[in-house]
1. Quick test for you: out of A:Ala3, A:Ala16, pick the one residue that is under 27 Å from C:Thr173 (Cβ atoms) and either modelled with pLDDT of 90 or more or more than 9 Å from chain C (Cβ to nearest Cβ) (or both).
2. Are there strands (runs of 3 or more DSSP E) fully within segment B:211-289 with at least 3 residues that are within 30 Å of B:Leu47 (Cα to Cα)? List them.
3. Which is outside any loop (DSSP other than H, G, I, E, B), of a type in the set (Gly, Ala, Ser) and farther than 30 Å from B:Val16 by Cβ, of A:Ala209, A:Ala250?
4. I want to confirm something. Restricting to segment C:59-104 and keeping residues that are in contact (Cβ under 8 Å) with a residue 24 or more places away in the chain and out of contact with any helix residue (DSSP H, G or I) (no Cβ under 9 Å at 6 or more places or on another chain), which single residue is surrounded by the fewest Cβ atoms within 10 Å (Cβ to Cβ)?
5. Can you tell which of C:Phe39, C:Phe30 is assigned to a helix (DSSP H, G or I), modelled with pLDDT under 85 and within 11 Å of chain A (Cβ to nearest Cβ)?
6. Any idea how many residues of segment C:207-238 are under 25 Å from C:Val143 (Cβ atoms) and either outside any loop (DSSP other than H, G, I, E, B) or in contact with a strand residue (DSSP E or B) (Cβ under 6 Å, 6 or more places away or on another chain) (or both)?
7. Report yes if C:Phe123 is of a type in the set (A, V, I, L, M, F, W, C), more than 14 Å from chain A (Cβ to nearest Cβ) and more than 15 Å from C:Tyr71 (Cβ to Cβ), otherwise no.
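The values are calculated or read from the model by the stated rules, or taken from the named source; none is laboratory data. All figures in this text were calculated on a predicted structure; none of them were measured in a lab. Note that we place each Cβ from the backbone using ideal geometry, even for glycine, and neighbour counts take in every protein chain shown.
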Amino acid sequence: MLAVYGQHWRINVLTALEYRENFLLWAAFAVVYHGSAIATLWVVLHTFPSMNGWDFRDMAFLYGLWMTAHALHDTLFFGVGNVPEYVRDGEFDRLLIRPLDTLFAVIVIPGQIFPDELILALVYLGITTWYAGVRVDAAFVFCVPFVILGGTLIELAINVIVATIAFWFVRVDALRWIVLQLEQEFTRYPIGIYTRGVRLFLTFVFPFAFMNYFPATYFLHKPESALGLPPAVGLLSPVIGLTFLGVAYAFWRFGLDRYKGVGH
Amino acid sequence: MTIIETVDLKKVFRSVVRRPGLSGAFAALFSREFEEKVAVENVNFSLQEGEIVGYLGPNGAGKSTTIKMLTGILVPTSGVVRVAGIVPSEHRQQNGQNIGVVFGQRSQLYWDLPLRESFELLRAIYDVPRDRFAQNLRHFSDILDLDRFMGTPVRQLSLGERMRGDFAAAMLHDPKIVFLDEPTIGLDVVAKEAIREFIATMNRERGTTVVLTTHDLADVERLTRRIILIDEGTVIYDGLLARLREEYGTHRILVVTLAENYPDVEVEGAQPNGRDGNIVRLRFNRHEVAAETLIRRVLDAYRITDISIEEPDIDSIVRRIYTEGYNALPAALPI
Amino acid sequence: MALAVRPPFRLEPYLEFGKKAIAREATYRFDVFTSIGSFALRIYLLRMVWVALYARNAAPHGLPLHAILTYSAVALLMGLVLDVDQVSSLYTKLHDGSIVSDFMRPISVPLYFFADGTGEVLFHASLIVPSLVLALFIVHIDVPSGGTLAAFALSFVLGYFVGFCINFILNCTAFWTLEIHAVQLIVTWLTDLLGGELVPLVFFPVALQHALFALPFAAMFSTPLLIYVGEIGPDRYASALGIQAIWLVVLALASVVIWRAGSRRIVVQGG
């Protein structure tokens, strides 16, 4: 499995080199994409200085945590998002005849993947950590990678669920787009601004709040977090991520059996 | 040893009925009607290790549904499939290790990169030992002449070169069985011959079992002795190609080159089947009149410079079966 | 040599292309329901965000809470139409080479894309009705006077054509380079931010506002929206619509130039 994964990255790098111009364009897109999100935050908080006690500095850090988890997800698991396309054009059948777990086979499909967004995210996270005045101690340095990994797994789980739905409804582009948008919107602001029902949903059903809100509450030493949970629950995000991914994988297996039953 | 076996294989699909037009399209947003379609039924056959079989049928006959069940992509509605001792859909990954697949219309090579890189990835996926990988690659390069374009990005290869690459890719992990779906479609004569030679070599040297689906009957004639014909989801013939020709291709054509320009050529027991200058074609049923008798009658009546007999090609036989159906086969023909 | 006679223009094929596009879009019913669902969710979300912001801060001048909620809801409704890339089939056809067969048909190829794109957009426009009904359950949308609505409608139509030209030009770049998605997405994101779809441009620092109002992005979203909520009053209709019209003319000319250059490339060099 490791050998396959190594080859996957070898080909990714070769492809990026083959298409240098495209690679630069996509890197520019990553800058615009995140840049416009941060600019929106800045414009809003330029007019309204406080959002439930969070100012622009806090929110810039909140965005940094999400951005890093998201970039890590896109770097490692980009292929999952292409499943609907593979199902539609029949390429998915080719994956089914590989002697690999199908989800793994999807993940190791080489593409034009390069960790440009991840590098950007790490730089941005570093800057906002300083800008937001987060205390950088041993505990922070130890916890941050786990928190980011947790966020990555949460996003992977969501994408696996969307990909599985493609086994039933071949064209799920809109759903995929919406889920990504919802994830962005829900992770952009402190969840305290939402009604209780939405907060519960973001904590226990689709746990986006564990991608950045709860960890940021902890790292920023906010006195309280939404739903009255102690801020330290933010450190549970890897556990939440693994659990959610387990559920998503079970759903994937169920969908795969169905796919093999009826084709598409 | 039996390597592929199917017993009473059946697959039923449910599909949406679409009504035509704009209103139909809008209506389909809210309610859908379904219909069930039997894709294949009562498919029974078995293959011995090392056999090459042509799996033939018109479009929509159920060929690719059968292949998908043999490769583990689809689960049968009922019936049994066993490939190299395992049930493909239950042990998909092991089955993947045992089989190789080439789709003529869909490449498994990486479009943007040289062939070599795709092979490296496949080596990792199928866990081929390095020395075996090197040995296979060298061998395939010799037969398929891959060295010339090993370093060229796949998107710049001609179709023929790409198909050679695809064949090598499918055979790298020494599969016991290969499924070839329209492997020579769109290729020129030279590339077709190279591919056919490769298939024949693999079968001869390694005993690879080959299941070939194709519309190009020249592939079949060149490679296989046994064919399975499928139409409307069921097997209508399973047996030797030669016997099909023997029993079903009852007509022969006698081609005569005349020494003089006779205005009308008529021979008892044969029907005129076209004339081109001094070359006359006469069609006859070999069960009604022996070729020897017919030739003697021609020689008695005309002066000729050349004479030959044309056998019917498999193409016309199979076309006749598709159009006239299995019932038109002579009753004597055992399945 | 036969005399080349240009066949008379017939509208019928283009109507047929439009209808086909509508039917094609309607096939994907899951997409339809998800877009309406997401629309409702996004309005609900935006309401919570704005309510939270207005609750703890002083309301900015001229845009009280009900006006900003109206702004966001109308922006999302406009997005149902304006965010559709109605010329994406041009990219697809250039990518797989099937554009050649369109050039072989006795039709105007740009008009074909216009008809196809309009059909696609009309289907998406039909989603406005159910979306609007849903929106009214979630937020209160102010309805301005008849004159304002008329100005809004005119401005919206101008904005739509500006958007069509931008999409057309972007897809035409596929004549030269097959990788256009990155550039397209960059433009989409800039439109969302700088066009005022997400946040009204009047929230930007004043120095930036002047530059933003002069860009074509503002001509798509911001101008019609600010007319709707009354930020642009009747005294400024002429100048606001004038700027939109200027952009439309500029972009339409650019479209023609680029199309000619691109299609010559196909005809002369065979793609």
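1. Sole residue among the options that is under 27 Å from C:Thr173 (Cβ atoms) and either modelled with pLDDT of 90 or more or more than 9 Å from chain C (Cβ to nearest Cβ) (or both): A:Ala16.
2. B:226-231, B:234-240
3. Only one candidate qualifies: A:Ala209.
4. Result: C:Gly97.
5. When all the criteria are applied, what remains is C:Phe30.
6. Qualifying residue count for the region: 15.
7. In short, no.
This table checks each residue for (1) within 37 Å of the chain's Cα centre (by Cα); (2) in a helix (DSSP H, G or I); (3) modelled with pLDDT of 85 or more.
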site: B:Val298; (1), (2), (3): no, yes, yes
site: B:Ile309; (1), (2), (3): yes, no, yes
site: B:Asp315; (1), (2), (3): yes, yes, no
site: B:Arg319; (1), (2), (3): yes, yes, no
